[in-house]
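Step one of this worksheet: look at the structure below.
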Amino acid sequence: MIINIIQDIVNFANQFIPPITLFRRYHFSPADLAICSCTRIAELEKIRPPPQPSQSPSSHSGGYSSSDEQTTTNIDGAVQSSPTSTTITILTYNINHDLACNFEKRRNILKAIFSSGAQIIFLQETNPSWQELLHNDAVALEYYYCHYHHPSTERKDRPAGGIAILSQFPLENVQIIDFNRDISGSVFPALLCEVSILLDKNASHDKAIDCASSANSDLSNVVKIKVANVHLRPPVELDGTAWLDTARKTEPIRISEVKELLCRARSNDCREKNIGDDEKSTVKAQLPLDIIAGDFNEGDFGGAISYLGSQGYKDALQQFVPQRKETHTWPFMRNFFTLRKRLDHILWHGESNLPAISMKGKVLTKARLKCLGCGVLSGYETNASDHQPVLALFDIVREFS
C-alpha cells in the first residue's frame, strides 16, 4: 500500500519536470525521416550487385520497384537472395474532438496532418465535423481510402470516441471493436484493417486499385500489413476526475483492451484462412497485427505497452525519441503547471513474415517490417491539439526466393 502511494506520487511529480535542454531543444520534422529514407537507399545500393553482361539495364532500374529481384553468389557458388525494400510513413495523432470549431487550432492540426507526408494516418477523437474538414485535403493529396467511425448519440457514446484511418493504399476488412461491450471500464473503440501496399512504386493509382480487387492481373507484388488504431482507456475516472492513483487503477483496463485486441485479430485470421480447430493453436501463437498505433494513454513503461513488449512488439517512440520529449501536455492548476506525458505510440513487430503475394495468389517473397526512424513533429506543442503528432518511417524488407 505504502509502495503504491510513493510510486503514484513519483509518477505524478515526473509530469511537472520540463524537458531537459542541456545543448539544444528537441526538433523533428518530416525532413528528418527523408534523411533516413535516403540513407536506406544508399545502403541498398551498396549491397546491390552490379548487372551481369547478359542482363538488360532495364532489369536493374534501382529504387524500390519490384524489378529489384536480384541474386548474389557466395564463394561456394550457391545463389543467395538479395533484400530489397519499400518504405512507408505512418502518422498517429489525437486531434481532440472539441477543436473542430476552433479555427486557429484546427488549421494547425490540419497542417500537421497533411504536411507530414504520411501515407497512412491514424486519427483519434474524430467526429462528423472533423471528417468534413479533412475530406477535401485528403482527396487532393490522394488519400483515396478512408474510414471514419463516429460516436453514436443513440448509444450515448462518449464524444471523444471517434476514430479514423486515412490511407493512400487500399484498405480491406475494416473492423471496429467496441471494447466496452466485453471489458468493464473501457470507453473507446479500436479500428482494425488490412492495408494492401503495392511494392512497385512506379505503378499508378488505378493499378493499386486493381491490386486490391483483381485476381487476373500480372502486376507487381502486393504486401498486406495488418494494422490497428487504438484509443485506450484514459487515466481518469469515468466522471472526468483524476487522482494520484487513477493511472495505476485504470492500467488493468488498458492491458485487457490490448489483450482483447490481439485475441480478436487472431480470431479474424482463423476465419479468413478457414482454419480448423487442430490448426488454430499454431495461428494463435503468431502475432496477428503488424502495427499498433494510437493514443495508448500511458507512458513507455505502462502496463499495456509492457504487455505488447512481452509479445515481441517494439515501441518506435521509445526506440527513437528521447525520454525528455513528451507527446501530450495538459494545463494543471489554472495553467500554473503543465503536465507532460508520452501517451502516443507506434508499435510494430518486425520478426514475423508479412504475406507478400502476386495477383495470381502465389507467395513470391518473404517480407518483414523494420522501423527506420520516428519522431514527434515539432511546432505543434501549443495552439493545436493537447496531443502532438508522432511520425514513423517503416521499411518493408523483402527477400526474393
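Within segment 287-309, does at least one residue satisfy the condition of being over 24 Å from Ala392 (Cβ atoms), modelled with pLDDT under 70 and assigned to a loop (DSSP other than H, G, I, E, B)? Can you show your working first?
Step one: list which residues in segment 287-309 are over 24 Å from Ala392 (Cβ atoms), which gives none.
Taking every residue of segment 287-309 in turn, none turns out to be over 24 Å from Ala392 (Cβ atoms), modelled with pLDDT under 70 and assigned to a loop (DSSP other than H, G, I, E, B).
Looking at Asp300, Asp344, which is the one that is crowded, with 19+ Cβ neighbours inside 10 Å and out of contact with any Gly (no Cβ under 6 Å at 6 or more places or on another chain)?
On the way: Asp300 fails: crowded, with 19+ Cβ neighbours inside 10 Å.
None of the others qualify; the one that does is Asp344.
Condition first: β-branched (Val, Ile, Thr) and either buried (at least 21 other Cβ atoms within 10 Å of the Cβ) or in contact with a strand residue (DSSP E or B) (Cβ under 7 Å, 6 or more places away or on another chain) (or both). Now tell me which residues in segment 225-244 satisfy that.
Restricting attention to segment 225-244, the residues satisfying the condition of being β-branched (Val, Ile, Thr) are 225, 227, 230, 236, 241.
Hits for segment 225-244 are Ile225, Val227, Val230.
Among residues belonging to segment 310-327 that are open to solvent by 10 Å² or more (accessible area, probe 1.4 Å) and assigned to a helix (DSSP H, G or I), point out the one that is farthest from Phe394 (Cα to Cα).
Residue satisfying both the conditions and the ranking: Ser310.
Report, ordered by the first and then the second residue, all pairs with beta carbons closer than 8 Å, sequence separation of six or more or different chains, a first member in segment 129-145 that is at positive phi, and a second member that is assigned to a strand (DSSP E or B) and surrounded by fewer than 16 Cβ atoms within 10 Å (Cβ to Cβ).
The qualifying pairs do not exist here.
Within segment 83-128, how many residues are out of contact with any strand residue (DSSP E or B) (no Cβ under 7 Å at 6 or more places or on another chain), among the polar types (S, T, N, Q) and under 23 Å from Gly373 (Cα atoms)?
Result for segment 83-128: 1.
Would you pick out the residues in segment 333-380 that are at pLDDT below 75 and assigned to a strand (DSSP E or B)?
Phe337, Pro355, Ala356, Ile357, Val363, Leu364, Thr365, Lys366
What number of residues within segment 124-167 satisfy the criterion of being surrounded by fewer than 21 Cβ atoms within 10 Å (Cβ to Cβ), modelled with pLDDT of 90 or more and assigned to a loop (DSSP other than H, G, I, E, B)?
Residues in segment 124-167 being surrounded by fewer than 21 Cβ atoms within 10 Å (Cβ to Cβ), modelled with pLDDT of 90 or more and assigned to a loop (DSSP other than H, G, I, E, B): 5 in total.
I need a count of the residues in segment 245-262 that are open to solvent by less than 70 Å² (accessible area, probe 1.4 Å) and over 25 Å from the mean Cα position of the chain (by Cα).
Looking only at that region, the number is 2.
Starting from residues that are farther than 24 Å from Arg342 by Cβ and touching a helix residue (DSSP H, G or I) at 6+ places or on another chain (Cβ under 7 Å), keep the ones in segment 84-100 and report whichever is surrounded by the most Cβ atoms within 10 Å (Cβ to Cβ). Give the derivation first.
Pass one, segment 84-100, residues farther than 24 Å from Arg342 by Cβ: 84-87, 100.
Remaining after also requiring touching a helix residue (DSSP H, G or I) at 6+ places or on another chain (Cβ under 7 Å): 84-85, 87, 100.
Details: Thr84: 24, Ser85: 22, Thr87: 19, Ala100: 21.
Selected residue: Thr84.
Determine, yes or no, whether His205 is open to solvent by 60 Å² or more (accessible area, probe 1.4 Å) and either within 28 Å of Ala392 (Cα to Cα) or modelled with pLDDT of 85 or more (or both).
Values: open to solvent by 60 Å² or more (accessible area, probe 1.4 Å): yes; either within 28 Å of Ala392 (Cα to Cα) or modelled with pLDDT of 85 or more (or both): yes.
Spelling it out, His205 is indeed open to solvent by 60 Å² or more (accessible area, probe 1.4 Å) and either within 28 Å of Ala392 (Cα to Cα) or modelled with pLDDT of 85 or more (or both).
The values are calculated or read from the model by the stated rules, or taken from the named source; none is laboratory data. Not measured: the values here are computed from a predicted model. Counting neighbours? That spans all protein chains shown, and the Cβs are built from the backbone with ideal geometry, glycine included. SASA here: full protein model, heavy atoms, side chains in, ligands and nucleic acids out. Shrake-Rupley method; radii C 1.70, N 1.55, O 1.52, S 1.80 Å.
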